[in-house]
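No lab work stands behind these numbers, since they all come straight from the coordinates. Predicted, not measured: the structure shown is a model, and the values here were computed from it. Backbone-built Cβ (ideal geometry, glycine too); neighbour counts: all protein chains shown.
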Protein chains: 2
Amino acid sequence: MSSKLKLIKKEVTVKSPGTVANMVCGFDIMGFALESPGDIITLRAVEGNSSITISNLDHFNLPIDPYSNVMGVSLAAFHKALDREYQFEIISEKTIKPGSGLGSSAASAAGIVVAANALFGNPFSKEELISFAMEGEFLASGSRHADNLAPCIYGGVVLVRSHSPLDIIPLQSPTLYTTILHPQIEVRTSDSRSILKKNVLLKDAITQWGNVAGLVAGLLMEDYELISRSLHDVLIEPSRSILIPLFHEVKHAALDAGALGGGISGSGPSIFMLSKSEQSAKQVEVAMINMYSGTDIPFNTYVSRINPTGVIVIG
Amino acid sequence: MSSKLKLIKKEVTVKSPGTVANMVCGFDIMGFALESPGDIITLRAVEGNSSITISNLDHFNLPIDPYSNVMGVSLAAFHKALDREYQFEIISEKTIKPGSGLGSSAASAAGIVVAANALFGNPFSKEELISFAMEGEFLASGSRHADNLAPCIYGGVVLVRSHSPLDIIPLQSPTLYTTILHPQIEVRTSDSRSILKKNVLLKDAITQWGNVAGLVAGLLMEDYELISRSLHDVLIEPSRSILIPLFHEVKHAALDAGALGGGISGSGPSIFMLSKSEQSAKQVEVAMINMYSGTDIPFNTYVSRINPTGVIVIG
């Protein structure tokens, strides 16, 4: 395939969405895409000696050395699959804060490879794009996980049945809105990983996969009550929630306000809750804001429909 | 409700099917019903001082003392929910061998409570019937599990998301046939339980619930390839399969003959494989028979569609 690849555009701009990985019980295997926040990435290419230059229009101070940058590394993996050399220029404007638990590195990695693919007329499949972008995730977190990348590229709710070999299953779902509270504290993915126990009780694992099965069935059967009953995590949340001030209080306030359920977004510190409607998600937002206003921790909130499309080309 | 209960029939006969619990990756939470083998149970009742008499027409020598008999204990639990006393007479002809891993005790427990419910005009829900029948399962195995009872009573493929509170979700599935090989060796459920590790690696549990999620999605999306890719058990099969001579050889022969996947039925020793069609299931049967004929262990085989109805009243 690669011998037929050629540039069909000089410049592409994409919007790459934030994502919520884990979906409470579906640790490491499920995720969904958001309508906001999202990053804007422009990619330009011309034939010439291989190079990648990066400009950041945001204030996150991410590295511009391509070998130290998630976009750079992902684009380099894409570049390797080509048969000619190109000079790439990346202009990135992130709004998804790194370390928020909202798939910031995945948005960069997925966004750049979707943009690159569009420059060449989309020769690569979504699964191939994910394999390129996993190099960016590896740079960011030390593991080639796809539970943010897959929903970022496919949109909607996505099941990553297996990482090796990669097996991605987009799941139909009923209309769902999410409310996110992002406390502006730093939780390192490495800390969030190291707090997890390597061993778990079989009986707890059974409880967890009963809920995973219920969540998948609830989504596909469009059964909100079943989704709600299944949104419980007996394994990860008890450990990780101690890194997030007022986690349980915020969650309970959101449930009292009508949320179906929710938990930690990715490795945190963001907390997400699911609701049946936008109206409900906004009531949940009020409840979460009221609870967090009692702390001195700055925070953002987002209300978003589950984004059905993932990364989109906008220019 | 109980004050309105009265006998509307004097006698009911049911056919109660065998069931396959666990479905490979869905340990303790999934199961499906068979068309064969199945037990025939007749129940008669008249008002009078409480009593249960049991006659066995088969050769399994199960106890006829109602307090030591799965049907007796299940019927007694049903009886407690009534407001009058009855004399019950049970005539049972089992073909599902106890200890086969094909839900023999569940067929007895579920069959008798469905028969009793029919005598009174079906006042109790399926979930209530399962709660009565769980007393029989407790007598048989020391645990109130529902992963055989639920498919026996509901038919089809059933998810038991949670045992406490009981949460049963019937799952639509595409046409599936199963081929079962029952080696005539004894594997006690208690041995089969005790061989399991109480702790498992989190990473293995994640692999398992990825497959559980894939299996549920494959069933509901009618995606045979996804079902096939998901039928892997990294936690239970490696321990339990050592109790079943030639387990791996039989499984591989069945896969080579075209089966989608399969594994240990319940706690064994029966081995089940799933296929897309009856023709395929029969080819799988030949392969399994050829492999087991090399041993000196007597065995039975069954080819059966997944039974969509569960226990049925036949007279």
Task: Choice from B:Gly266, B:Gly31, B:Gly142 showing the highest fluctuation, given a GNM over chain B with Cα pairs closer than 10 Å - done: B:Gly142
- [ ] Enter the angle in degrees (range 0 to 90, nearest 10) between the Cα long axis of helix B:247-256 and the first principal axis of the Cα atoms of chain B, meaning the one along which they spread out most.
- [x] 70 degrees
Task: Using θ = phi - 60° and Karplus 6.51 cos²θ - 1.76 cosθ + 1.60, couplings along the range A:158-174 (whole Hz; Gly, Pro as x) - done: 10, 9, 9, 4, 8, 8, 9, x, 5, 9, 10, 10, x, 10, 4, 8, x
Task: Above-threshold pairs, the threshold being 22 Å between Cα atoms, out of B:Lys9/B:Lys80; B:Lys15/B:Lys282; A:Lys80/B:Lys203; B:Lys15/B:Lys80 - done: B:Lys15/B:Lys282; A:Lys80/B:Lys203; B:Lys15/B:Lys80
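Report the equivalent ellipsoid semi-axes for the range A:112-221 in whole Å, largest first, defined as the square roots of five times the eigenvalues of the gyration tensor built from alpha carbon atoms.
Details: eigenvalues 139, 85, 51 Å².
Here the semi-axes work out to 26, 21, 16 Å.
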Open item on the list: Just to confirm the number: angle between the C-alpha axis of helix A:278-292 and the first principal axis of chain A, 0 to 90 degrees, nearest 10?
Closed with: 80 degrees
Open item on the list: Over all directions, the average projected area of the alpha-carbon convex hull for the range A:171-315 comes to how many nm²?
Closed with: 10.0 nm²
Open item on the list: At 7 angstrom along the Cα-to-beta-carbon line, where would the label on B:Lys282 sit relative to the other copies? Give the distances in nm, shortest first.
Closed with: 6.3
Task: Distance from the range A:247-279 to the range A:5-27 (C-alpha centre basis), Å - done: 24 Å
- [ ] Mind pulling the per residue volume of the convex hull built on the Cα atoms of the protein assembly as shown? Å³ is fine.
- [x] 159 Å³
Open item on the list: Output the 0 to 90 degree angle, nearest 10, between the alpha-carbon long axis of helix A:202-220 and the longest principal axis computed from the alpha carbons of chain A.
Closed with: 70 degrees
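Return the equivalent ellipsoid semi-axes of chain B as a descending list in whole Å, where each equals the square root of 5 times an eigenvalue of the C-alpha gyration tensor.
On the way: eigenvalues 226, 81, 64 Å².
Square roots of five times the eigenvalues give 34, 20, 18 Å.
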- [ ] Select from B:Asn211, B:Asn300, B:Asn22 the residue whose mean-square fluctuation is largest in a Gaussian network model of chain B (Cα-Cα springs shorter than 10 Å).
- [x] B:Asn300
- [ ] Compute the separation of the alpha-carbon centres of the range B:87-119 and the range A:136-207 and state it in Å as a whole number.
- [x] 44 Å
Task: Label point 7 Å beyond Cα along the C-beta direction, distances from A:Gly315 to other copies (nm, shortest first) - done: 8.0
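Per residue of chain A, what 222 nm ellipticity follows from adding -39500 (n - 2.57) for every DSSP H run with n ≥ 4, rounded to the nearest 500? Don't skip to the end; give the middle numbers.
Details: 10 runs with 110 residues, N = 315.
Mean residue ellipticity, 222 nm, calculated: -10500 deg cm²/dmol.
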Task: Choice from A:Lys203, A:Lys251, A:Lys80 with maximal GNM fluctuation in chain A (Cα, 10 Å cutoff) - done: A:Lys203
TODO: Tell me the distances, shortest first, between B:Ser194 and the same position across the other copies, using label points 7 Å along Cα→Cβ, in nm to one decimal.
DONE: 4.2
